[in-house]
Amino acid sequence: MNLNSDLSCSMVIFGATGDLAHRKLLPAIYNLQSEELLPENFAVVAIGRRDKTKEDYRKEIYDSIKQFSRFGMDNEVWNRIKNRIYYRRMDFLQTEDYQGLNEYLNEIDKKHKTKGNRIYYMAVAPEYFEGIVENLNNFCIDRKAHSWNRVVIEKPFGKNLSSAIYLNNKIVEVFKEENTYRIDHYLGKEMLQNIMVIRFANMLFEPLWNNKYIDHIQISSSETVGMKNRGGYYERSGAMRDMVQSHMLQLLSLIAMEPPNDLETKSIRDEKVKVLKALKEIKPEAVSENVVRGQYGPGGLADKRVLGYREESNVSPHSNTETFVALKVNIENLRWSGVPFYIRTGKRMEKKSTEIIIQFKSMENILYFKEKKVLPNMLVIRIQPTEGVFLQFNAKEPGNHKNIIPVQMDFCQNCEVGIDSPEAYEKLLFDALRGDTTLFTRWDEVESSWKFIDHILRGWNDNKPVFPNYEAGSWGPKESDMLLQRDNRNWINL
Ligand code: BG6
């Protein structure tokens with residue numbers, strides 16, 4: 001891996017007045033400063049459509065950092081970064097504004113000695129990606145200079161396979177694949193990076209990681225939040241595009257991949273993409289049997305009544321957008337043939353949690369297994385909010401009886417005081433600065449996951465759902481339970 005040793009650059013954020021910039025990006029930049037990971041020669045150019053001065057922007061950002069940084073606000077750290085944050089108002093698609101932007105960025109380059117190196121961060125709605133990239137190409141990228149230009153693209157990367165291909169062609173034409181950082185913030189989460197270590201640095205697990213010993217795997221990410229102010233975006237996206245196409249399939253590929261030849265970016269991505277390519281296609285006619293979609297109606301969450309999806313702002317009262325998906329996935333390769341992967345994600349569910357449960361097989365009718373009470377072993381990788389791993393196995397209940405009880409070995413990574421895992425965006429922004437693409441998705445990963453999802457979306461087009469079909473604050477529609485019950489299994493809600 002050829003990483004930059006000189007990190008000098010400016011980060012140009014399109015959409016800098018939005019939620020993502022306030023809650024994640026600027027707090028992450030501040031945290032990197034606080035850990036002294038930012039280069040000396042560094043500047044942030046925040047671009048938004050609203051009229052404000054750089055002083056106004058700095059003040060707003062100060063408040064956001066105070067609220068969202070995991071370190072809180074330390075004025076000494078703030079003083080070291082604040083004068084390197086600029087604000088520029090412009091309309092993202094106004095071609096005439098880009099000449100001025102280029103001059104402005106050149107001045108910042110000179111002032112902060114950032115050597116013309118730039119990271120363009122697209123924290124905007126997807127419909128702006130193409131136009132911004134085209135204008136940057138025409139006005140802001142100097143191909144003769146010895147500087148580098150990278151682009152960071154937020155999801156959703158397209159809305160189906162064909163739009164993703166179209167968008168990708170537009171982007172790589174300008175930036176090339178090696179400078180295109182497709183961000184999936186799940187890959188920056190501490191425990192996702194830990195999955196490979198758990199699997200490949202322990203002799204204990206890897207020999208059992210296959211269809212001989214594993215009965216099935218559950219990958220579940222539930223959220224309690226509703227739409228907040230994202231109804232408009234979500235109406236066009238839904239849970240399948242918003243969560244499954246990206247985050248959930250990334251989790252699946254890390255859990256199911258073969259060991260890479262080495263730890264180089266290419267080797268890891270090659271193995272992940274093989275998993276996505278081996279997903280058994282769910283043909284439109286098989287969709288209703290293997291995929292459940294849901295939408296929440298009104299309900300109770302933490303003793304509060306909350307609105308149903310159709311009552312949220314910027315959502316159509318007749319919306320058929322799914323806020324929940326559960327699906328059964330099969331991977332057609334030697335390791336996983338016959339092992340179902342059940343994936344589930346939804347909004348307004350009972351609990352916020354992301355977990356991967358590896359359920360081992362039990363032995364039929366042998367020794368203690370003759371007693372039906374003996375539970376099979378289970379390994380749980382907890383991604384959030386608790387980060388850790390637990391292993392459930394059977395032991396004798398202490399005392400004078402012969403009872404066998406399940407016991408757990410529980411490793412909690414963020415339970416000890418003082419262990420505060422870096423936020424995903426911190427890790428990913430730092431990697432973009434260093435030029436490390438390992439935790440970003442390569443085009444063929446995006447392409448393969450769209451191929452898989454497209455079939456399901458087509459199947460959905462053929463029939464209308466009956467929504468709403470689950471109550472806010474529940475574990476989703478009853479059909480989701482039935483999906484597993486048909487296979488004599490149940491969701492494990494820890
Ligand atoms: C985002 C989705 O990518 O991930 C959101 O667009 C979702 O809808 C969020 O809420 C979940 O992220 P996390 O880190 O809270 O699990």
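Values quoted throughout were computed directly from the atomic coordinates according to the rules given, and no laboratory measurement underlies them. None of these values were measured; they are calculated from a predicted model. No Cβ is skipped: glycine too gets one built from the backbone with ideal geometry, and neighbour counts run over all protein chains shown.
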Once Leu494 and Met73 are pulled to full extension, the length gained, defined as 0.36 nm per residue separation minus their Cα-Cα distance, is 148.1 nm
One finds, for Asn160 and Val407 with R0 = 45 angstrom and r their Cβ-Cβ distance, a FRET efficiency to the nearest 0.05 of 0.45
Scalar couplings 3J(HN,Hα) for region 145-153 by Karplus 6.51 cos²θ - 1.76 cosθ + 1.60 (θ = phi - 60°), nearest whole Hz, x for Gly and Pro, are 6, 8, 9, 10, 10, 10, 10, 10, 10
Taking only C-alpha positions in region 363-494, Rg and Dmax in angstrom work out to 21.9, 62
Excluding residues fewer than 8 positions from Lys402 in its own chain, the lysines with Cα under 25 Å of it are Lys361, Lys370, Lys372, Lys373
From the cross-link list Lys59/Lys82; Lys54/Lys82; Lys328/Lys451; Lys189/Lys274; Lys189/Lys272, the entries with a Cα-Cα span beyond 20 Å are Lys189/Lys274
Across all Cα atoms of region 425-494, Rg and the largest Cα-Cα distance (Dmax), in Å, are 18.8, 49
Tilt, helix 161-175 to longest principal axis of the chain (alpha-carbon atoms), in degrees rounded to tens, equals 40
Long-range share for region 227-326, i.e. C-alpha pairs more than 16 Å apart as a percent of all pairs, stands at 67
So the FRET efficiency between Arg89 and Asn320, C-beta based with R0 = 30 Å and rounded to 0.05, is 0.20
In degrees, nearest 10, the alpha-carbon axis of helix 265-277 is tilted away from the dominant principal axis of the alpha carbons of the chain by 50
Once Cys415 and Gln99 are pulled to full extension, the length gained, defined as 0.36 nm per residue separation minus their Cα-Cα distance, is 108.7 nm
The set of cysteines in the chain having no other cysteine's C-beta under 4.7 Å reads Cys9, Cys140
Expected sort for Phe411, Phe68, Phe175, Phe324 with the fewest Cβ neighbours (10 Å cutoff) up front is Phe411, Phe68, Phe175, Phe324
The extension gain from Asn463 to Arg23, computed as 0.36 nm times the residue separation minus the Cα-Cα distance, is 154.6 nm
A correct fewest-to-most ranking of Leu439, Leu249 by other Cβ atoms within 10 Å would be Leu439, Leu249
Final fewest-first order of Lys427, Lys274 on the 10 Å Cβ neighbour count is Lys274, Lys427
Output ordering of 348-361, 18-31 (per-residue mean of other Cβ within 10 Å, highest first) is 18-31, 348-361
Here Rg/Rh (Cα, Kirkwood) for region 1-101 equals 0.99
Listed by chain and number, the lysines with an alpha carbon less than 19 angstrom from that of Lys228, same-chain partners under 8 positions apart left out, are Lys24, Lys155, Lys304, Lys347, Lys351, Lys352
For region 108-211, the convex hull over Cα atoms projects on average to an area in nm² of 10.3
